[in-house]
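Student: The structure that follows is given in the form of C-alpha cells.
The values are calculated or read from the model by the stated rules, or taken from the named source; none is laboratory data. Fair warning: this is a prediction, and the values are worked out from it, not measured in the lab. Neighbour counts are summed over all protein chains in view; Cβ atoms, including those assigned to glycine, are modelled from backbone coordinates with ideal geometry. Surface areas here come from the heavy atoms of the whole protein model, side chains and all, with no ligands, DNA or RNA. Shrake-Rupley method; radii C 1.70, N 1.55, O 1.52, S 1.80 Å.
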Amino acid sequence: MHLSDGFGRSFKYLRFSVTEACNFRCSYCLPDGYRKCAGPQPLNLDEIRRAATAFSQLGIHKIRLTGGEPTIRKDFDTIVRTIAQLPQVEKLALTTNGYRLAERAGDWFGAGIRGLNVSLDSLDPGRFHQITGHNRCNDILRGIDTALEAGFEQVKINAVYMKGINDQELDAYIKLAQSKPLSVRFIELMETGDHASFFQKHHIPTDNISAKLAQEGWTPKLKAADAGPAKDYVHPDYKGSIGLIAPYAKDFCKSCNRLRFSSLGKLHLCLFGEFGVPLRALLQSDDQLEELKERLLVAVKGKTAHHQLANGVTGHTSNLSSIGG
Ligand code: SAM
Ligand code: SF4
C-alpha cells in the first residue's frame, strides 16, 4: 500500500509542520510577527507519532519537520527522537530559520536529524535584520559552520530571491558554495493570500540566475528519478552546488513528490490548494491507525495535476508559516 495520485506520481516525502508559531517576522511571510489566536493547540507528541507512523507505513521514507519555526517547540528534541526511530523513516530533515543552530546543531544531529535546510535571505547583517526583524545573520552563519562540524554532510541554504531586496547579492551567495559542502538554493517568491502587493513589487523569476550560472561554467546536475522540483547546478571548482526553485516554471508540478501535514492535523495535497483534509479525529488512539491509513490513501487520489499560481489563484494559503513552505 503506497500513496499515489491519479497522475502517476507517488509520494515518499512528507513535510510535517509541527507549529504555526514563529519568532521571526520575515517580510514575505509574517511581517507583523506571529499572532496567537484562540483556537486548537498544535498536535501533541502522541498525535504527531501516530500521524508519522501512518505515513511511514504507507511508503513515506523522508519526513521534513517545518513550521512556523519548528525548533521553538519545547518538546522539539523528543519529536525528533520519536520520528527518527520509526523503522521506515530513512531520512528525517529540518527546515529552520537557524536562530538556535549554533547552540543546538550537535544535539539535533544526535537526536536523528540528517537533512538540514536553513533559511538565510541576506548575507548582509543590516539587510537580514530588515527582512526578518532579527539581527542574527552572523549567528546563523556561525550555526551553519557548527552544523557541518557536528556531522551534517551537507547543509542547504534557502534564500527567497527578491527584486530590490537581495537580488544584488548573487555573487556573495555563490561564493558560499566554493569551499564548503553547501547547497545554496534560490527560491522564487511565491504569491500568498496575505501578500499580493509585496509579491507584485518584489517577484523576479530565477531565469537571470540560470543565465549567469551558465556563463560562469556551472552545469545542470543530472536529476535522480525521484528528485523534487529544484534544478541543481554544479561547477568543478566548487565543493557545494546552486539550486533554483521556480514554482512558476512550466511543468514544475510534474515532478511533485511531496505531501504536507499541518500542525492542526490536516493533509495538504498542494501548497496552494484549498482547505486541507482534516484528520485530527483519527489521531486520538493507536487503534485508529488502519482507518487513518485508509483515509490517507483515498485522500491522496484527489491531488490535482498542478497549481494555478500563474492565474493568480493562491488557494487557501494566506502565508506559508501555516503549512511550512
Ligand atoms: N521557519 C522555518 C524557515 O523559515 O526556514 C520553516 C518554515 S518557512 C515557512 C519554510 C520556507 O518557506 C523558508 O525557506 C521560507 O523562506 C519559505 N517561504 C515562506 N514564504 C515564502 C514565499 N511567499 N515565497 C517563497 N518562499 C517562502
Ligand atoms: Fe518564520 Fe520561516 Fe515565515 Fe520567516 S519564513 S516568518 S522564519 S515561518
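Student: Taking the Cα atoms of the range 13-311 alone, what are Rg (to one decimal) and Dmax (as a whole number) in Å?
Tutor: Calculated on Cα positions, Rg and Dmax stand at 19.0, 58 Å.
Student: Based on C-alpha coordinates, I'd like the Rg and Dmax of the range 128-245, in Å.
Tutor: Values for the range 128-245 (Cα only, Rg and Dmax): 15.0, 42 Å.
Student: Now for a separate question. Would you mind checking which residues have amide H under 5 Å from residue 183's amide H? H placed 1.01 Å from N; only 5 or more apart, or other chain.
Tutor: Sorted by chain and number, the residues that satisfy this are 155, 156, 157, 241.
Student: Further question on the same structure: Kindly provide the helix-only [θ] at 222 nm of the chain, computed as the sum of -39,500 (n - 2.57) over DSSP H runs of four or more divided by all residues, to the nearest 500 deg cm²/dmol?
Tutor: Theoretical 222 nm ellipticity from helices: -8500 deg cm²/dmol.
Student: I'd like the Karplus ³J(HN,Hα) series for the range 65-82: coefficients 6.51, -1.76, 1.60, θ = phi - 60°, whole numbers in Hz, and an x wherever there's a Gly or Pro.
Tutor: 8, 8, x, x, 9, x, 7, 7, 5, 5, 9, 4, 5, 5, 4, 4, 4, 5
Student: Report, to the nearest whole %, how much of the accessible area of the chain belongs to carbon and sulfur atoms, 1.4 Å probe, protein only.
Tutor: Result for the chain: 51 percent of the exposed heavy-atom area is carbon or sulfur.
Student: In whole percent, what relative contact order does the range 44-194 give with Cα contacts below 8 Å and a gap of six or more residues? Working shown, then result.
Tutor: On the way: 223 pairs, mean separation 27.9, N = 151.
Reported as a whole number, the value is 18 percent.
Student: Could you size up the charge dipole of the chain around its Cα centre, putting +1 on the beta carbon of Lys and Arg and -1 on that of Asp and Glu, and report it in debye to the nearest 20?
Tutor: 280
Student: How large is ³J(HN,Hα), in whole Hz, for each residue of the range 84-89 in order, when computed from phi with the Karplus curve 6.51 cos²θ - 1.76 cosθ + 1.60 and θ = phi - 60°, using x for Gly and Pro?
Tutor: My calculation for the range 84-89 gives 4, 8, 5, x, 7, 7 Hz in order.
Student: Continuing with this model, one more query. Excluding ligands, DNA and RNA, what is the solvent-accessible area per residue of the range 217-300 at a probe of 1.4 Å, expressed in Å²?
Tutor: About 51 Å² of surface per residue is accessible.
Student: If you don't mind, there's one more thing I want to ask. Taking the Cα centre of the range 147-265 as origin, sum charge times position over the Cβ atoms of Lys and Arg (+1) and Asp and Glu (-1), and report the length of that vector in debye to the nearest 20.
Tutor: Charge dipole of the range 147-265: 240 debye, to the nearest 20.
Student: Output the peptides 291-302, 138-149 sorted from most to least packed, where packing is the average of other Cβ atoms within 10 Å over each peptide's residues.
Tutor: Details: 291-302: 15.9, 138-149: 17.8.
With the highest mean Cβ count within 10 Å placed first, the list reads 138-149, 291-302.
Student: Residue 287 label point, 7 Å along Cα→Cβ, cut-off 18 Å on backbone N: hits in the range 10-51?
Tutor: Under cut-off, by backbone N: 47, 50-51.
Student: Once phi is turned into ³J(HN,Hα) by the Karplus curve 6.51 cos²θ - 1.76 cosθ + 1.60 with θ = phi - 60°, what whole-Hz value does each residue of the range 232-238 show in order, with x for glycine and proline?
Tutor: With the stated coefficients, the range 232-238 comes to 9, 10, 10, 8, x, 8, 10 Hz.
Student: Keeping all protein chains in the complex and leaving out DNA, RNA and ligands, what accessible area do you get for residue 203 with a 1.4 Å probe, in Å² to the nearest 10?
Tutor: Looks like 40 Å² after rounding.
Student: Given 10 °C and 1.306 mPa s, how large is the Stokes-Einstein diffusion coefficient of the range 32-125 in µm²/s, with Rh as the Kirkwood radius over Cα pairs?
Tutor: Details: Rh = 14.4 Å.
Estimated diffusion coefficient is 110 µm²/s.
Student: While we're looking at this one, here's another question. Just to confirm my numbers, what's the Cα centroid distance between the range 42-57 and the range 196-251 in Å?
Tutor: 33
Student: May I pose another question? Placing +1 at every Lys and Arg Cβ and -1 at every Asp and Glu Cβ, with all other atoms neutral, what dipole size does the range 247-287 have around its Cα centre, in debye to the nearest 20?
Tutor: It works out to roughly 240 debye.
Student: Within straight cross-link reach of residue 180, meaning Cα distance under 25 Å, which lysines are found once same-chain residues fewer than 8 apart are removed?
Tutor: Filter leaves 62, 91, 156, 212, 221, 223, 231, 239.
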